[in-house]
Amino acid sequence: MTETPQPPPVPEEVRSHRAPPGPVQRAGTKASVGTLLIAALAIGGLIASWRPLGGGGTDDRERPFIRAGQAGETVSARVFDAKVVDVRGAGKVRLRGAALDTGGVWILVRTRITATDEETSVGYAALRDARDRVFLASTRVEQEMIGGRSFQPSIPVEGVFVFEVPRDAATNLTLVLARQSIDQRMDAVAEIELSTYDSPTIDKWAATAEPVTIDEPQVVP
Amino acid sequence: MEVAEKPEVPPAVVNEVNRGEPWNVTVVRARLLSELGDLRLEKEGDRWFAIVADIEVTAPESRNDVSDIFSVSGVEGLLGDKPQHILKPQHIVAVRDASRVQYLNPNMPERIGFVWEQSGNAPIPTNVTITIYKKTYRASSLTDHMEWLDHEPRAQLEVPVEDKRSP
């Protein structure tokens, strides 16, 4: 009788040489999971409560491109050029027959606007005073130079921007003009420093009984 | 678990300035009127309910959110939009010339009428509770831009309603 050779026995597969975790190791694993959980919650809490300081610098990074000048100079706001021609003050302005008074003083800034390359409009007009207070063009009067009026390239138009400001602000003002009405970030903005006036001059403007009529814009040579 | 209570809103006084940002507010009076300049009631038999207040913008720029200054309670049947948590006035007019107010300029106090139409079927109010709101200038956690946010009550007062309707 011959013996048939048997194949060598297959060694038992060994999955791990480690002993199964004991009670101490199981406690350690649970502690690690707990630590991770607490860390995740802490990081989440920090993110949720994070408030950027000083605007996070975004306002500064996205600030408009200021083109500055003086009254009488032509200042570019990229899509239009602006030149302050004249500044007047008044206690009252006349609009369609009605005389409108003010708690401060009316400031009328006659400005020449010339679109540069394409039809455009002026969406934003404001005065900024020496204390950095910003006064938007008055909505009590019809502002014919703002919003709806379109300016054609190379055709200068002169008209008046009308503002109400406190008397103490009127001595030192800067006209700010831009194409966009609400958001001027990362766009060109013209800032034109007006002449300074002393307080007696402002008081004289405010006390003038005769209302100043707001002229309609006109094309100029 | 302990329930958090709503913080109590500090009191304000009629005809005394309530200072804060972005407005200083002085509530002057509350009135019922049958006519109000060139304003027209939507429905015959209705009446106007108006709060008159002196507003001074304390923020450094002109503001167009005058309709956020107040909320009123205790007056039934007021008409108007309620897009958020307060019933905004239907009309905001300058007392000086009855012109519609869109913007108020910084440090230029103005006497303003905040006007709602009240249904003629609603009871005649004798008192109104007015809540004055505030905002805080801070960086938005959404956009990172500095904005006036956190529209919250800052003061509350009870004002008698004068019935000035024409007979």
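Within the range A:185-221, the residues that satisfy the criterion of being closer than 20 Å to A:LYS83 by Cβ and part of a loop (DSSP other than H, G, I, E, B) are A:ASP187, A:LEU194, A:SER195, A:THR196, A:TYR197, A:ILE214, A:ASP215, A:GLU216, A:PRO217, A:VAL220, A:PRO221. Condition check for B:ALA139 on (1) modelled with pLDDT of 95 or more; (2) farther than 15 Å from A:ARG140 by Cβ; (3) surrounded by 14 or more Cβ atoms within 10 Å (Cβ to Cβ): one failure, at (1). Beta carbons closer than 8 Å, at least 6 apart along the sequence or on distinct chains, pair a first residue in the range B:134-157 that is over 18 Å from B:GLU56 (Cα atoms) and within 11 Å of another protein chain (Cβ to nearest Cβ) with a second that is of a type in the set (Phe, Trp, Tyr) and not in a strand (DSSP E or B) for B:SER141/A:TRP50. Could you tell me which residue of the range A:150-170 is farthest from A:THR114 (Cα to Cα), considering only residues that are assigned to a loop (DSSP other than H, G, I, E, B) and within 14 Å of another protein chain (Cβ to nearest Cβ)? The qualifying residue farthest from A:THR114 (Cα to Cα) is A:PRO166.
Within the range A:77-103, residues that are of a type in the set (Lys, Arg) reach partners that are part of a strand (DSSP E or B) with beta carbons closer than 6 Å, at six or more positions or on different chains, in the pairs A:ARG78/A:ALA188; A:LYS83/A:THR74; A:LYS83/A:ARG112; A:ARG88/A:LEU108; A:LYS92/A:ALA99; A:ARG94/A:THR213. Taking each residue of the range A:177-194 that is of a type in the set (S, T, N, Q) and looking for partners that are outside any loop (DSSP other than H, G, I, E, B) with beta-carbon atoms closer than 9 Å, six or more apart or interchain, yields A:GLN180/A:TYR124; A:SER181/A:TYR124; A:GLN184/A:TYR124; A:GLN184/A:VAL176; A:GLN184/A:ALA178. Among the residues of the range A:120-153, just one is free of Cβ contacts under 8 Å to residues at least 24 places away in the same chain and among the acidic types (Asp, Glu), namely A:ASP132. Entry remark, the range A:128-142: residues being touching a Lys or Arg at 6+ places or on another chain (Cβ under 9 Å) and more than 9 Å from chain B (Cβ to nearest Cβ) number 1 in total.
Candidates are the residues of the range A:190-212 that are in contact with a Lys or Arg (Cβ under 7 Å, 6 or more places away or on another chain) and among the hydrophobic types (A, V, I, L, M, F, W, C); the one that is farthest from the other protein chains (Cβ to nearest Cβ) is A:ALA190.
Of the residues making up the range B:114-165, those that are closer than 26 Å to B:LYS43 by Cα and over 18 Å from the mean Cα position of the chain (by Cα) are B:SER119, B:GLY120, B:ASN121, B:ALA122, B:PRO123, B:ILE124, B:ASP163, B:LYS164, B:ARG165.
Kindly indicate whether B:PRO109 is modelled with pLDDT under 95 and surrounded by 15 or more Cβ atoms within 10 Å (Cβ to Cβ). Can you show your working first?
Values: modelled with pLDDT under 95: no; surrounded by 15 or more Cβ atoms within 10 Å (Cβ to Cβ): yes.
Criteria not met by B:PRO109.
Looking for whichever is touching a residue at least 40 places away in the same chain (Cβ under 8 Å) and within 14 Å of chain A (Cβ to nearest Cβ) here; the options are B:VAL93, B:VAL101. Which one fits? Exactly one of B:VAL93, B:VAL101 is touching a residue at least 40 places away in the same chain (Cβ under 8 Å) and within 14 Å of chain A (Cβ to nearest Cβ), namely B:VAL93.
The values are calculated or read from the model by the stated rules, or taken from the named source; none is laboratory data. From a predicted model like this one, the values you see are computed outputs, not experimental measurements. Please note: Cβ atoms are built from the backbone with ideal geometry, for glycine as well, and neighbour counts cover all protein chains shown.
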